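Asker: Mind looking over this structure? Questions follow.
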Amino acid sequence: MRTDPPRSRSAPHRLWKRLSRWIGDALPKGLYARSLIIIIAPVVLLQSVIAYTFMERHWQLVTKRLSAAVTADVAALIDIYESYPQDRDAETLSRIAAERLNLDLDILKGAKLPAPGPRPFFSILDEALSDEIRRQIRRPFWIDTVGRSNLIEIRVAIPDGVMRITARRSQAYASNSHIFLVWMIGSSLVLLGVAILFLRNQIKPILRLAAVAEGFGKGREIEFRPRGAREVRQAGHAFIEMKRRIERAMEQRTTMLNGVSHDLRTILTRFRLSLALVEQTSEIEDLSRDVDEMSRMLEGYLAFARGDSAEPATPADMRTLLEDLRSDVERLGAHVSAVDLAGAPEVTVRPGAFRRCLFNLAANAARYGETVAISGRLEARAFYVSIDDDGPGIPPESREEVFKPFVRLDDSRQDAGGSGLGLAIARDIARAHGGDIALHESPLGGLRATVRVPA
């Protein structure tokens, strides 16, 4: 027996996923903002429920009862006026209403009720008072609850005219109920302020840990001491221990490479001395060139493997660095058309490593082009250095390949060092700063290499 899977579940599931994705995109991404929402949302929801319950039950109930009492007084005055006609001018009735009921009463003989006015958009008093007059008096009436803020006016049709009663708003309306709402909102704001203050102090250590981790990734040494809650301190101590292990591994690697470099250089030096003492023939000259090539390759390999992690990051003058780069490129035989710098001249980098990164790119440009242009600019908390040339360029599909170690392009270009590591070393240095290198078409017709490092 074949049964198809129910399709009714798939539609709600897709709807729920779409709604969840929309909520995730709408919510803030920061931990501090999300924590504030976690605190504020329940408080606002609770206050809304309390306010609605208070408005619906307490405030409206009290207003109805006060309106019923005022309406009962008005109904009693009408009954007295109609039961005792000897008080034709209603002087005694007006005095009783003023002294005993705190109401102002006037008899408008021969008058008619005014035309009904527009009802207020939201008025508990208007609705409650109208309902009570219809229920208790059952006569045509007209009320004004918005004309004068502290008074209400009631007009009721009687056989010989209109009875007008003026009462204070507080007699028919729970006017002091807003005090409860003010106290509720005020106390909530105080509690939220205290919660936000404590939350900010709890978030600070996490933000500090993130900043230190980011700085370590950029090669910057930032003093850090774990603070905050126990879990945050544990994460801080774990980061410090991880940082020490990485630094210890890098130090061991550097020490090992220095030892290997020393031993290999010693052997190459012996080769050079031995070749220098031998009669110089064409074969000996070829061997000397091979030894020199081996020396250059050895230096390239060690530079790529060792990197420049031991160098501290310090503020460097980019204008001076670019001018020095111009001189280096001109010594390689290329013409530098322009050196432009836009933005702040100082950027925190490892000066020696960053200089080497730029030199590798500039030397590659000088090797394959006759004209080189160098420009730097500061944009959106990042510093960019662009090196353009008028050489043959690199096809777009091969631009990522040239950054791989020991990769050479048959029909295009490669770094000036000849070991296949120049561009790999340059990108490694840029990424050690927290940046990267990208290759594009150059306005000069060749290749543009753009280095980006955080400013």
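Asker: Just checking my list (i) 19.5; (ii) 46.8; (iii) 22.8 against mean projected area of the Cα convex hull in nm² computed from this structure; which label fits?
Answerer: (ii)
Asker: Ignoring ligands, DNA and RNA, how do Leu105, Leu151 rank by accessible area with a 1.4 Å probe, largest first?
Answerer: Order by accessible area, largest first: Leu151, Leu105.
Asker: Between Val44 and Trp22, take the C-beta separation as r, use R0 = 22 Å, and let me know the FRET efficiency to the nearest 0.05.
Answerer: Efficiency for this residue pair is about 0.60.
Asker: Take His13, His433 and sort them by solvent-accessible surface of the protein heavy atoms, 1.4 Å probe, largest at the top.
Answerer: Of His13, His433, the descending order of accessible area is His13, His433.
Asker: Add -39500 (n - 2.57) for each DSSP H run of 4 or more in the chain, then divide by its residues: what number comes out at 222 nm, to the nearest 500 deg cm²/dmol?
Answerer: -18500 deg cm²/dmol
Asker: Going highest first, how would you order 237-246, 375-384 by mean Cβ packing within 10 Å? Mind dumping the intermediate values first?
Answerer: On the way: 237-246: 12.4, 375-384: 15.3.
Per-residue Cβ counts within 10 Å, averaged per peptide and sorted highest first, yield 375-384, 237-246.
Asker: Something else about it: Tell me the label-point distance for the pair Ser282, Arg253, using the 7 Å Cα-to-Cβ offset, in nm and rounded to one decimal.
Answerer: The two pseudo-label positions are separated by 4.5 nm.
Asker: For a quick protection proxy, order the peptides 185-198, 356-369 by their average other-Cβ count within 10 Å, most packed first.
Answerer: 356-369, 185-198
Asker: Roughly what angle does helix 60-83 make with the longest principal axis of the chain, taking Cα atoms, 0 to 90 degrees, to the nearest 10?
Answerer: Approximately 20 degrees, to the nearest ten.
Asker: To continue, here is another question. Using a 1.4 angstrom probe on the protein heavy atoms only, could you order Met163, Met184 from most to least accessible area?
Answerer: Largest accessible area first, the list is Met184, Met163.
Asker: Calculate, for the range 187-265, the solvent-accessible area per residue in square angstrom, rolling a 1.4 angstrom probe over the heavy atoms of the protein chains.
Answerer: I get 71 Å² per residue for the range 187-265.
Asker: Heavy-atom accessible area of Val146 with all protein chains present, probe 1.4 Å, nearest 10 Å²?
Answerer: Accessible surface of Val146 is approximately 90 Å².
Asker: Report, to the nearest 10°, how far helix 282-306 tilts away from the longest principal axis of the Cα atoms in the chain, using its own Cα long axis and a range of 0 to 90°.
Answerer: That works out to roughly 20 degrees.
Asker: Report the Cα-based extents of the range 173-251 along its three principal axes, largest first, to the nearest Å.
Answerer: 81, 23, 14
Asker: Still on this model: Nearest 10 degrees is fine. How inclined is helix 422-432 to the longest principal axis of the chain, computing both from alpha carbons?
Answerer: Roughly 30 degrees, rounded to the nearest 10.
The values are calculated or read from the model by the stated rules, or taken from the named source; none is laboratory data. These figures come from a predicted structure and were not determined experimentally. As a convention, Cβ positions derive from the backbone with ideal geometry for all residues, glycine included, and neighbour counts pool all protein chains shown. Note: accessible area is taken over every heavy atom of the protein model, side chains too, but ligands, DNA and RNA are not part of it. Shrake-Rupley method; radii C 1.70, N 1.55, O 1.52, S 1.80 Å.
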